[in-house]
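Visitor: Supplied in structure tokens, the structure appears directly below.
The values are calculated or read from the model by the stated rules, or taken from the named source; none is laboratory data. Everything quoted here is computed from the prediction, not taken from an experiment. With ideal geometry, Cβ positions are generated from the backbone for all residues, glycine too; neighbour counts draw on all protein chains shown.
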Amino acid sequence: MERYDIIVIGSGPGGYVAAIRAAQCGKRVAVVEKADAGGVCLNWGCIPTKALVRSAQVYADCKAAATFGVAIEGEVKPDWTKMVERERMVATTMNKGVQFLFKKNNIDVIAGFGKLKSAHVVDVDGVEYEADNVILATGARPRVMPFMPIDGEHIISSKEALVLPSLPETMIVVGSGAIGSEFAYIYATMGVKVTIVEYMPQIMPLEDEDTAKAMERAFRKLRATVMTSTTVKQVSVREDGKCVVDVEGKKGAQTLEADVVLSAVGIKSNIEGIGLEELGIEVERDKIKVDNHYKTNVDGVYAIGDIIATPALAHVASAEAIHCVEHICGLNPEDVDYSTIPSCIFTSPEVASVGLTEQQVRDMGVEYKVGKFPYTASGKATAAGERDGFVKLIFDAEEKLLGAHFVGHNVTEMIGEPTLAKSLGITAHRIARTIHAHPSMHEAVMEAAEDAMGCAIHV
């Protein structure tokens with residue numbers, strides 16, 4: 001029986017990072033993967049979605065070229081087939097990159113479905129491998145609701161949304177989290193008549209209320225319909241292929257129709273059939289229970305990423321992976337700080353946030369102050385033709401950062417500054433007195449801090 005120090009089951013952002021960090025620590029490592037190296041995020045999620053987002057942005061920029069004094073002869077049209085081909089090429093390139101990293105770090109890749117036979121034995125399609133420690137990083141898949149059965153053609157998940165053979169005329173997106181909002185943006189920009197249906201009172205329910213209001217306006221600019229506080233009762237497909245969606249919301253019961261319905265209502269952990277029940281590994285509400293080092297109740301077995309009750313984000317899984325491996329290796333790592341996890345949604349304008357929303361702070365009953373700077377007052381944003389959005393910073397009574405909420409062009413690249421500021425306990429005064437380059441979008445962070453202090457210059 002082949003023996004390893006660590007076997008990782010799954011090669012997504014948690015799994016492959018765990019494997020590489022373990023190899024760096026001198027461990028003999030194997031990764032078990034039933035599908036593609038890099039997992040869902042790299043092959044069918046985060047990365048290919050961003051490729052389509054970029055295609056949508058280029059198309060939108062070309063349509064707006066005359067605004068910037070650029071003449072484009074003829075009609076600008078989206079070539080959806082080529083966009084999908086490019087998106088697939090991007091995923092393939094990144095997949096090869098992960099495979100290269102495995103080879104570089106002398107990590108064995110075992111193809112197949114991994115299942116725990118014991119705390120130290122993993123069965124892969126009938127072949128057994130032994131390890132001192134096993135890290136479960138099996139990820140998640142789109143959640144399927146009984147009233148909205150996915151058929152892959154008319155009622156689709158995010159995976160099918162990446163490779164539709166052609167652009168539909170109409171689409172209903174059920175759910176407005178990151179996945180739903182990004183696809184709604186992509187397809188609406190391509191000219192598809194999109195309707196967003198959200199159960200909660202606001203779109204992007206995890207974001208700050210001001211963010212949600214701004215993004216609802218942005219979607220309406222794209223001629224998308226936004227329906228909040230609306231429950232989907234049933235989705236069915238007629239004989240002619242049209243999707244029929246029965247909903248109940250502010251206007252009572254309604255029946256909607258569309259060529260395609262995208263189900264974006266969350267994810268389900270991939271924990272079935274991997275040996276949890278047989279070993280007595282504790283599970284609660286579809287998530288494996290772990291301690292602060294990601295150890296399960298069974299010695300030698302760890303779990304990270306989407307299969308545990310922490311934010312289902314790629315960068316969170318990677319952080320958990322590094323901590324988990326370093327703990328196994330006796331390096332005494334610091335606990336992952338879940339209060340400083342940034343979140344990004346790649347629409348146009350983009351959305352980025354870290355920390356608490358204003359409503360969450362209000363519910364805590366603590367004294368706080370808000371600083372806000374609109375991009376309409378930014379020279380760089382005005383010059384770039386990107387005036388939609390704002391920077392909003394929330395501070396406590398001691399002027400330490402509680403939360404940051406960005407809406408605007410390229411703000412996903414800006415969220416690092418408030419994330420670091422929150423992590424280090426930096427005050428509004430320090431942010432405001434840190435000289436930011438002019439003209440830049442980043443100046444809005446400094447300006448928002450000044451606003452919180454009551455000394456804003458440009459608003």
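Visitor: Name the residue, out of K103, K96, that is assigned by TED's automatic domain parsing to the domain that holds G10 and either closer than 28 Å to N410 by Cβ or β-branched (V, I, T) (or both).
Guide: K96 is the lone residue from the list that is assigned by TED's automatic domain parsing to the domain that holds G10 and either closer than 28 Å to N410 by Cβ or β-branched (V, I, T) (or both).
Visitor: Would you confirm whether or not the stretch 205-215 contains a residue that is exposed (fewer than 15 other Cβ atoms within 10 Å of the Cβ), free of Cβ contacts under 8 Å to residues at least 40 places away in the same chain and in contact with a strand residue (DSSP E or B) (Cβ under 9 Å, 6 or more places away or on another chain)?
Guide: No - not one qualifying residue is present in the stretch 205-215.
Visitor: Of everything in the stretch 1-40 that's touching a Gly at 6+ places or on another chain (Cβ under 9 Å) and at positive phi, which residue is modelled with the highest pLDDT?
Guide: G10
Visitor: Would it be correct to say that T419 is of a type in the set (S, T, N, Q), within 18 Å of K372 (Cβ to Cβ) and either assigned by TED's automatic domain parsing to the domain that holds G389 or modelled with pLDDT of 95 or more (or both)?
Guide: No, not satisfied.
Visitor: Still on this structure: Report whether or not P333 is in contact with an Asp or Glu (Cβ under 6 Å, 6 or more places away or on another chain) and not in a strand (DSSP E or B).
Guide: yes
Visitor: Which pairs have Cβ atoms under 8 Å, sit 6 or more apart or on different chains, and link a residue in the stretch 321-333 that is without any contact (Cβ under 8 Å) to a residue 60 or more places away in the chain to one that is aliphatic (A, V, I, L, M) and part of a loop (DSSP other than H, G, I, E, B)?
Guide: H323/V336
Visitor: Residues that are over 30 Å from V90 (Cα atoms), of a type in the set (A, V, I, L, M, F, W, C) and either in contact (Cβ under 8 Å) with a residue 24 or more places away in the chain or buried (at least 22 other Cβ atoms within 10 Å of the Cβ) (or both): does the stretch 220-227 have at least one?
Guide: Within the stretch 220-227, one or more residues are over 30 Å from V90 (Cα atoms), of a type in the set (A, V, I, L, M, F, W, C) and either in contact (Cβ under 8 Å) with a residue 24 or more places away in the chain or buried (at least 22 other Cβ atoms within 10 Å of the Cβ) (or both).
Visitor: OK, next. Is it the case that some residue within the stretch 33-41 is within 15 Å of G305 (Cβ to Cβ), assigned to a helix (DSSP H, G or I) and not small (G, A, S)?
Guide: Scanning the stretch 33-41, I find at least one residue that is within 15 Å of G305 (Cβ to Cβ), assigned to a helix (DSSP H, G or I) and not small (G, A, S), so the answer is yes.
Visitor: Could you please let me know if L262 is part of a strand (DSSP E or B), of a type in the set (A, V, I, L, M) and farther than 24 Å from A421 by Cβ?
Guide: The answer is yes for L262.
Visitor: Still on this structure: Of these, E284, E320, which one is loosely packed, with under 15 Cβ neighbours inside 10 Å and either under 22 Å from I155 (Cβ atoms) or acidic (D, E) (or both)?
Guide: E284
Visitor: Hand me the list of strands (runs of 3 or more DSSP E) wholly inside the stretch 63-137 holding 2 or more residues that are over 17 Å from G38 (Cβ atoms).
Guide: Fully inside the stretch 63-137 and qualifying: 114-118, 121-124, 127-136.
Visitor: Continuing with the same structure: Under 8 Å between Cβ atoms, at least 6 apart or on separate chains: pull out the pairs that start in the stretch 171-182 with a residue that is of a type in the set (G, A, S) and end on any residue that is buried (at least 24 other Cβ atoms within 10 Å of the Cβ) and assigned to a helix (DSSP H, G or I).
Guide: S176/A184; S181/M215
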